[in-house]
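Notes follow once the structure below has been shown.
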Amino acid sequence: MGVAGEAVSSLDGVAARDEAATRSNGAARLSKAIVRALSLVGSLLLTFLGLTAVSFFIGRFMAVDPVLAVVGDRATRDVYDKARIAMGLDRSIPEQYVIYLKKVLAGDLGNSVITSHPVLADLMHFFPATFELATIATLIGVAVGVPAGVMAAAKQGRGLDHVVRIVGLFGYSMPIFWLGLVGLFVFYGKLGWVLGPGRIDVFYEDVLAPRTGVILIDSALAGEWDIFRNAFGHLILPASLLGYLSLAYIARMTRSFMIDQLRQEYVTTALIKGRSFQGAVWRHAFPNIMVALITVVGLSYASLLEGAVLTETVFAWPGLGLYITRSLFNGDMNAVLGGTLVVGAVFIGVNLFCDFLYKLADPRLREA
């Protein structure tokens, strides 16, 4: 074989090895993706089982008699015993849990004692109100809290830093129910800038056909701008107060993260190379706090999605927190357990979404 033939043969061998290596790497990536997906599904199933078990056993061992909540405290012993058997409470605790788990998997959370509706239907009715309130509040917290925290860190020890810290301190110190009452007195009672308690005026109730359950979205889709303005007038004050609490926490954590990053050597190097200080802050330091910041915002959002009980009580907001609280006080354990499952599912969903955002914010995590 000549020199040319040997060269061609060598190139063919290299190409074959490269192709084999590519196929091997592709198979390895596919295998890793399958293992990661199975691991995720397994962890979700275990989390779900743990959530149902914890909520069920806590509900069973609470000092609340679900039978009395159904039959009343004046029922005879015979009526009480028949109701107890009908509810399956005469069985052992493990048997009750298995029955409960089967019903949950079938989408049956039981009926609410208070509303006489299926708990699942109640949750689908009340959760959109909490979702609407929590989402607007979180958007306010992020839009104001993140820039405030970054600028406070950039001007550490100066006037702006002190202002941000004092605003955050007030947000932590003042009770939300007191803020709500003061806000209603000033902005609704005295100034008339906002509308009062409730989610919408009685005049507009049942006028709008629900699509998503979020009034702002449904009214916009239907072109009912009068309803949109009315709903926004009711929403803006409680959302702003919760947004203030959210931005106080977000600004504080953002400031802490940024101060740590601004002390790193890469920021000094960027300044030495001629980068402006603001450029070093936003182009170099800020991207490095994104993963930690996503965690902070996610936790804040999840805590609001579980229902801001005091805010919903002060503003008569028909949300999840108010529903669970009233159910607990009335011994409506089906509603309490169903609401607890929703809260747990919210935290799981927010954590999964945060994991997705981590990979967008930090490319190094995409191959992890």
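The values are calculated or read from the model by the stated rules, or taken from the named source; none is laboratory data. Because the structure is predicted, anything quoted here is derived from the model rather than measured. Methodologically, a virtual Cβ is constructed for each residue, glycine included, from the backbone with ideal geometry; neighbour enumeration extends over all protein chains shown. Side chains included, ligands, DNA and RNA excluded: accessible areas come from the protein's heavy atoms. Shrake-Rupley method; radii C 1.70, N 1.55, O 1.52, S 1.80 Å.
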Inset, instruction - Quick one: which residues, 5 or more positions from Asn111 or on another chain, have an amide H under 5 Å from its amide H? H modelled 1.01 Å from N in the peptide plane, none for Pro or chain starts. - result: Val119
Inset, instruction - May I ask you to evaluate 6.51 cos²θ - 1.76 cosθ + 1.60, the Karplus curve with θ = phi - 60°, for each residue of the stretch 115-125 and list the ³J(HN,Hα) values in order in whole Hz, giving x for glycine and proline? - result: 9, 6, 9, x, 4, 4, 5, 4, 5, 5, 7
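Please state, rounded to one decimal and in Å, the Kirkwood hydrodynamic radius that the stretch 180-301 gives when every pair of distinct Cα atoms enters the mean of 1/r.
Details: mean 1/r = 0.0557 Å⁻¹.
Result for the stretch 180-301, one decimal place: 17.9 Å.
Provide the net charge surrounding Thr52, with neighbours chosen by a C-beta distance below 14 Å and charges set as Lys +1, Arg +1, Asp -1, Glu -1.
+2
Normalising by the residue count of the chain, find the relative contact order in percent from Cα pairs under 8 Å and 6+ residues apart. Mind dumping the intermediate values first?
Details: 359 pairs, mean separation 89.0, N = 368.
Normalised by residue count, the contact order of the chain is 24 percent.
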Inset, instruction - Mind grabbing the accessible area of Lys102 for me, 1.4 Å probe, Å², rounded to tens? - result: 140
Inset, instruction - With only Lys, Arg, Asp and Glu charged, each at its Cβ (+1 for the first two, -1 for the last two), find how big the charge dipole of the chain is about the Cα centre; round to the nearest 20 debye. - result: 1080
Legend entry - 14 Å beta-carbon shell around Phe232, net charge (K/R +1, D/E -1): -3
Inset, instruction - Compute the separation of the alpha-carbon centres of the stretch 315-352 and the stretch 68-143 and state it in Å as a whole number. - result: 9
Legend entry - Taking all pairs of distinct alpha-carbon atoms in the chain, Kirkwood radius in angstrom: 24.9
Legend entry - Listed residue (Asn111, Trp178, Gly149) projecting farthest to the positive dipole end of the stretch 66-182, Cβ model: Gly149
Legend entry - Theoretical ellipticity at 222 nm over the chain - DSSP helices of four or more residues, -39500 (n - 2.57) apiece, nearest 500: -24500 deg cm²/dmol
Inset, instruction - Mind putting a number on the dipole of the stretch 47-123 about its Cα centre? Charges go on the C-beta only, +1 for Lys and Arg and -1 for Asp and Glu, and I need it in Debye to the nearest 20. - result: 100
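If N is the number of residues in the stretch 80-147, what value comes out of its Cα radius of gyration divided by 2.2 N^0.38 Å?
Working: Rg = 19.1 Å, N = 68, 2.2 N^0.38 = 10.9 Å.
After normalising by residue count via 2.2 N^0.38 Å, the value is 1.74.
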Inset, instruction - Express the carbon and sulfur contribution to the solvent-accessible surface of the chain as a percent, rounded to the nearest whole number, probe 1.4 angstrom. - result: 65
Legend entry - Under the Karplus curve 6.51 cos²θ - 1.76 cosθ + 1.60, θ = phi - 60°, whole-Hz ³J(HN,Hα) for the stretch 268-273, x wherever Gly or Pro sits: 4, 4, 4, 5, 5, 7
Inset, instruction - State, in angstrom, two size descriptors of the stretch 270-356 derived from its alpha carbons: Rg to one decimal place and Dmax to the nearest whole number. - result: 20.1, 67
Inset, instruction - Identify, among His162, Gly298, Leu49, the residue whose Cα sits farthest towards the positive end of the charge dipole of the chain, taking +1 on the Cβ of Lys and Arg and -1 on the Cβ of Asp and Glu, with the dipole about the Cα centre. - result: His162
Legend entry - Length added when fully stretched, Ala86-Phe277, from 0.36 nm per residue minus Cα-Cα: 61.7 nm
Inset, instruction - List, in the order given, every pair from Lys32/Lys103; Lys82/Lys103; Lys155/Lys273; Lys32/Lys102 whose Cα-Cα distance in the structure shown is over 27 Å. - result: Lys32/Lys103; Lys32/Lys102
Inset, instruction - Give me the accessible area per residue for the chain, probe 1.4 Å, as a whole number in Å². - result: 57
Inset, instruction - Using a 10 angstrom cutoff on alpha carbons, build the Gaussian network for the chain and name the most mobile of Ala220, Ala251, Ala106. - result: Ala106
Legend entry - Dipole of the chain, positive direction: furthest Cα of Leu133, Asn230, Ser92, with charges on the beta-carbon: Leu133
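Taking R0 as 35 Å, what's the FRET efficiency between Val71 and Val207 from their Cβ-Cβ distance, rounded to 0.05?
Once the sixth-power term is evaluated, E becomes 0.35.
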Legend entry - For the stretch 80-230, alpha-carbon Rg and Dmax in angstrom: 23.2, 71
Inset, instruction - In a Gaussian network model over the chain where Cα atoms closer than 10 Å are linked, find which of Arg255, Arg263, Arg74 has the largest mean-square fluctuation. - result: Arg74
Inset, instruction - Excluding Gly168 itself, calculate the net charge of residues whose Cβ lies under 10 Å from the Cβ of Gly168, where each Lys or Arg counts +1 and each Asp or Glu counts -1. - result: +3
